[in-house]
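Report on one structure; see the data block that follows.
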Amino acid sequence: MDRREFLKATAASAAAASIGVDLFLKPSQADAAAGVTWHKSVCRFCGVGCGMMVGVKDGKVVSVKGDKESTVNRGFLCVKGFYLYKVITAKSRLRYPMIRKNGKLVRASWDEAMDLVATKFREVIDRYGPDAVAFYGSGQAETEETYIANKLFKGHIGTNNFEGNPRLCMASAVGGYLTTFGADEPVGSYDDLDEAEVFLIVGSNTAECHPVLFDRIVERKTKDPHIKIIIIDPRKTPTDRVADLHIQPIPGYDLAILHAMARIIVKEGYTDEQFIKESVNFSDGKKKISYEEYKQFLEKFTPEYAAKVADVNPDDIVKAARWFGQSPTAVTLWTMGVNQRTRGVWLNNLIHNLHLLTGKIGKPGCDSLSLTGQPNACGGVREGGGLAHILPGHRKIVNPQHRKEIAAIWKVPVSNINPKPGKHTIALFEAVAKGEIKALYVMCTNPAQSLPNLKKFLKGMKDVFLVVADAFHPTETTKLADVLLPAAFWSEKEGVYGCTERRSQYMPKLVEPLGEARWDGDILIDLARRLGYGKNFEHFKTPEDVWNEYLLTTKGRDMDLMGAPYWRLKKVRGLRWPVPTTDHPGTRHRFTEGDPLFPKDKAKGRRMYFYGKPDGRAVVFARPDKGPEEPTDAEYPFALTTGRVLEHFHTMTMTGTVPQLVRAVPGPYVEINPKDAARLGIADRDTVKVITRRGELELTARVIDRPREKTLFVPWHWSEKLANLLTIDAFDPGSKEPEYKVCAAKIVKV
Amino acid sequence: MLISSMIVKTRPGKAETVLTQLQKIPRVTTYGVHRGNNIIVVAEIHDIKQLENLTAFIMESIDDVLSVSPTYINFEDEIQE
Amino acid sequence: MNTLTRWLAILSRAFHSGRPPLRPPGAVKEEVFVKTCIKCNKCAQVCPYGSIQMAHLEWGEKFGTPLIFPRRTPCYLCMKCPPVCPSGALDPQLRDKTRVHMGVAVIDESKCLAYMGVICRACFERCPIYREAITLKDELYPQVHNDKCVGCGICEYVCPAEEKAITVVSAHAV
């Protein structure tokens, strides 16, 4: 081939590649020729836990594709995941440490930055006590990272002011699982999606926020058109397209609907009396009540009553209850529409009620499955004990035995661990605002954009000595920082993520961190050493060492992971706990036959034994149907709700670096129902102002029949239009999770 | 001399007819029809103006062409001059 | 002309992929349009989004007439331009965005992320003729309905594929 022919062949190959054709080579040959090696990993975005094959060439991540062997996504990815590899080398990656000097962030050495952090933390701790410092982590950090931070702050510094963004996202689901089943996290798994005949989707835009699972539901529906999909959501989301029935309540008034469904289920005899007799208790939230008393409680919740409260059609409630009741199997899915509410725990309870009354739990095709928003909220934070009231291995701080067990593993005197829970997220940032907390370490999250009612918290975050360890800069939070520590990103570090269905998956380190970035675990160990606690962290030479110590905290617990060491996780597509030994396959349904912890002796022939409860019985709750904290009124007649779009994740620090994704959703907007728009003279793409009691925002109107009438929807991704200036910081008294999903607003044309 | 490649997209079922016509253009080499209606074309041209003329010519004088998308251009020889 | 400007030239041609550009909503047939349009620039001035560009010299006889390059800025169908057209090159009566016919979107399945197994609905979600001009087969694969598609180019603009998988073919091809 002469040079000209060669150039022509090159040109033709380029053209061929643009249409996805390999002109001269077979694909595998092409990979080899191009020097691409493929490695098994996990997606960095939401809580679904999609398996990914990551392509590496010349020390760079050049491509990703869905892992066809993953049972989670079976080769599928969403558009965010598809472009994840581009984020690694984004311009906005933080490449070296920075320190604020004379009001400006300037480049510093690692030594200088870490010395400053250690000196300042030491000074604050010595002068004001350990509770004057705090840690705020993330459901996107690895389990290993959260574990090290936990050990440092709770076990060595001695403060329980240790929170993380899962408080804003999952706390109500935790509260629901704990109160109802006595143990956190779902009973079933994704496998149940493939066998369910009824799907009840409450307050979840699965199609956009968990697209790969949505596709599994669609596949199920396509194969079996007789299955029913019921949606309860104030907004017609893209998820709606597969719905057989959509109940559109006024935001914040769906509790009565779930009670009304329970009432019909009981009245029309769709209950599993045997199961109720064996495995269910009833409670009004304060004391045990009888089945009869529960039935009487339900009397109030006629379909007509619920329909009136929520402004929906009573016949739809009856239809939904009958479909749910008559079907042999049912799965309920929910996310933030349920969790981010001042009655989030109660709503979780009411969902579980339906499954307990009908016995549709702990068997194939049946589950009440809380979808998780972040990739490691379940793994690192819920299981790893990354909140102010818990310890690793599903343990509670208030329990002396639990403190003793953890202190032993951490090799510290038990007196090191404060027996009093620390401040939950809103209280923590209130304490920051008041100056009670004087030094704050933020890792892998962006609270200056994600906290509700932001105006209240921003000044305090500016004033406090703020250390931010992040892979990106600028973010709304790094802008306020006193010290910035560049963190290694996905594929630049190894570790474990635990997804929605109790599955722990390993992610390999494939490339060196960008610039001077370091693994968060390494940064925390460095800090521990500089604070004088080095001895108990010295043996952490690799993430695997950290994982091995963490595994000890799970031994014999309900979330036993002893059978999931690195060597095994590297081979398999994740493992679902409990997995007590390395020859155990993992658990599909908890509390029943097949769960290694199922106590056959205690169960005495019962199908399910909820071993998190002293008598092995789950609880059906008679919770009052309370409305939202801030109902609409004449002055603020709209209910405002916030959420996400398919192409972006949370505060856009990752997806905002991918031009293709940025173009896909050109900018912030507010959705308004066409009827409301017509009444107010608002046309599509008009500039409007959305006003709440806390703030106002100028946005482009998107007139679309998605939110119900008198409802507005604002996605919260864009930092130039902070949706959380509008939201309310009222929170669930049980879970302390804020009510992002409902507040009162008005909208005016500008 | 520059070397440029492009994808010529045709209406469904018309790729073969378009292909024959493309093959008549001097200094144009075709590399087959792919994915139904995409023809890979490599052209040897003198300058950018000629490339523009060529794309316009393909677009306007050959029936059933939906689009012409340039995908690659090689300047190497020219830079050496 | 140095190499850089040549690349820019190539890129700007690639913006419309060698295809005839779009005309604003309500444009009459291309051969009539070129003769009717008085190049007054009023449509471009009234466009709130800067979607309408006046053709440069390279467009020969079309110089000075309004063009829309959807990859730069698509038409958002606000329908402000037809009424201000003094020449009749744009139908001044046209108000209904669903009756616009600027072109029709074509999906290249070999480039489309959805057809490659990546869950993406950008074109479907942003289409202003929502759920009509573009629908999803099996809730996954976008399909264009030629009778409903008005050719505004928003889908082409938002398409997040590396190389645009959906492009609008102008109704004014000559």
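What to note about this one:
- Any hit, the stretch B:33-47, residues being within 9 Å of another protein chain (Cβ to nearest Cβ), among the charged types (D, E, K, R) and in contact (Cβ under 8 Å) with a residue 24 or more places away in the chain: yes
- For the stretch A:311-320, the count of residues that are open to solvent by less than 40 Å² (accessible area, probe 1.4 Å) and closer than 20 Å to A:Asp367 by Cβ is at least one.
- In the stretch A:176-211, the residues that are buried (at least 24 other Cβ atoms within 10 Å of the Cβ), within 14 Å of another protein chain (Cβ to nearest Cβ) and under 18 Å from A:Gln374 (Cβ atoms): A:Asn205, A:Thr206, A:Cys209, A:His210, A:Pro211
- Checked against the criterion of being outside any loop (DSSP other than H, G, I, E, B) and more than 8 Å from every other protein chain (Cβ to nearest Cβ), the candidates C:Pro92, C:Pro142, C:Pro86 yield just one match: C:Pro142.
- The residue list A:Glu698, A:Glu720 contains one member that is away from every other protein chain (no Cβ under 14 Å), assigned to a strand (DSSP E or B) and surrounded by fewer than 19 Cβ atoms within 10 Å (Cβ to Cβ), which is A:Glu698.
- Among residues of the stretch A:599-613, those that are touching a residue at least 12 places away in the same chain (Cβ under 8 Å), open to solvent by 10 Å² or more (accessible area, probe 1.4 Å) and of a type outside the set (D, E, K, R), counted: 4
- Among the numbered conditions (1) surrounded by 18 or more Cβ atoms within 10 Å (Cβ to Cβ); (2) touching a residue at least 24 places away in the same chain (Cβ under 8 Å), the only one that A:Asp224 does not meet is (1).
- Qualifying position, being open to solvent by less than 20 Å² (accessible area, probe 1.4 Å) and either more than 20 Å from C:Gly153 (Cα to Cα) or under 18 Å from the mean Cα position of the chain (by Cα) (or both), among C:Thr98, C:Thr65, C:Thr73: C:Thr65
- Every pair of residues 6+ apart whose Cβ atoms lie under 8 Å, when the first sits in the stretch B:1-21 and is within 12 Å of B:Val33 (Cα to Cα) and more than 9 Å from chain A (Cβ to nearest Cβ) while the second is in a loop (DSSP other than H, G, I, E, B) and among the aliphatic types (A, V, I, L, M): B:Val18/B:Ile62
One line per residue, one yes/no per condition, for (1) in contact (Cβ under 8 Å) with a residue 60 or more places away in the chain; (2) open to solvent by 20 Å² or more (accessible area, probe 1.4 Å); (3) in a helix (DSSP H, G or I); (4) not hydrophobic (A, V, I, L, M, F, W, C):
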position	(1), (2), (3), (4)
A:Ser491	yes, no, no, yes
A:Tyr497	yes, no, no, yes
A:Glu516	yes, yes, no, yes
A:Asp522	no, yes, yes, yes
A:Asp545	no, yes, yes, yes
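- Taking the criterion of being of a type outside the set (Gly, Ala, Ser), open to solvent by less than 30 Å² (accessible area, probe 1.4 Å) and assigned to a helix (DSSP H, G or I), the residues of the stretch A:337-354 that qualify are A:Val338, A:Asn339, A:Val345, A:Leu347, A:Asn348, A:Asn349, A:Leu350, A:Ile351, A:His352, A:Asn353, A:Leu354.
One line per residue, one yes/no per condition, for (1) among the basic types (Lys, Arg); (2) open to solvent by 10 Å² or more (accessible area, probe 1.4 Å); (3) under 23 Å from the mean Cα position of the chain (by Cα):
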{"site": "A:Ala634", "(1), (2), (3)": "no, yes, no"}
{"site": "A:Thr641", "(1), (2), (3)": "no, yes, yes"}
{"site": "A:Val645", "(1), (2), (3)": "no, no, yes"}
{"site": "A:His650", "(1), (2), (3)": "no, yes, yes"}
{"site": "A:Thr655", "(1), (2), (3)": "no, no, yes"}
{"site": "A:Gln660", "(1), (2), (3)": "no, yes, no"}
{"site": "A:Val665", "(1), (2), (3)": "no, no, yes"}
{"site": "A:Pro668", "(1), (2), (3)": "no, yes, yes"}
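- Considering only residues in the stretch A:399-414 that are free of Cβ contacts under 8 Å to residues at least 60 places away in the same chain and not in a helix (DSSP H, G or I), the one that is farthest from the chain's Cα centre (by Cα) turns out to be A:Pro413.
- In the stretch B:48-67, the qualifying residues are those that are at the interface with chain C (Cβ under 8 Å from one of its Cβ atoms) and among the acidic types (Asp, Glu), and the one that is farthest from C:Val168 (Cα to Cα) is B:Glu52.
- Among the residues of the stretch C:116-135, those identified as surrounded by fewer than 19 Cβ atoms within 10 Å (Cβ to Cβ) and at pLDDT 90 or above are C:Ile129, C:Tyr130, C:Arg131, C:Glu132, C:Thr135.
- For A:Arg573, the test of being in contact with a strand residue (DSSP E or B) (Cβ under 6 Å, 6 or more places away or on another chain) and modelled with pLDDT of 95 or more is passed.
- Taking the stretch A:222-257 as the range and being at the interface with chain C (Cβ under 10 Å from one of its Cβ atoms) and over 19 Å from A:Gly75 (Cα atoms) as the test, the residues that pass are A:Pro238, A:Thr239, A:Arg241, A:Val242.
- Residue in the stretch A:261-273 that is in contact with a strand residue (DSSP E or B) (Cβ under 6 Å, 6 or more places away or on another chain), surrounded by fewer than 22 Cβ atoms within 10 Å (Cβ to Cβ) and in the same structural domain as A:Pro328 (by TED's automatic domain parsing) present: no
- Residues being modelled with pLDDT under 90, more than 7 Å from every other protein chain (Cβ to nearest Cβ) and outside any loop (DSSP other than H, G, I, E, B) - total across the stretch C:145-172: 1
- Restricting the search to helices (runs of 4 or more DSSP H) fully inside the stretch A:30-132 and requiring at least 2 residues that are open to solvent by 10 Å² or more (accessible area, probe 1.4 Å) gives A:84-87, A:110-128.
The values are calculated or read from the model by the stated rules, or taken from the named source; none is laboratory data. Note that the structure is predicted; figures quoted are calculated from it, not measured. Note that each Cβ is placed from the backbone with ideal geometry, even for glycine, and that neighbours are counted across all protein chains shown. SASA here: full protein model, heavy atoms, side chains in, ligands and nucleic acids out. Shrake-Rupley method; radii C 1.70, N 1.55, O 1.52, S 1.80 Å.
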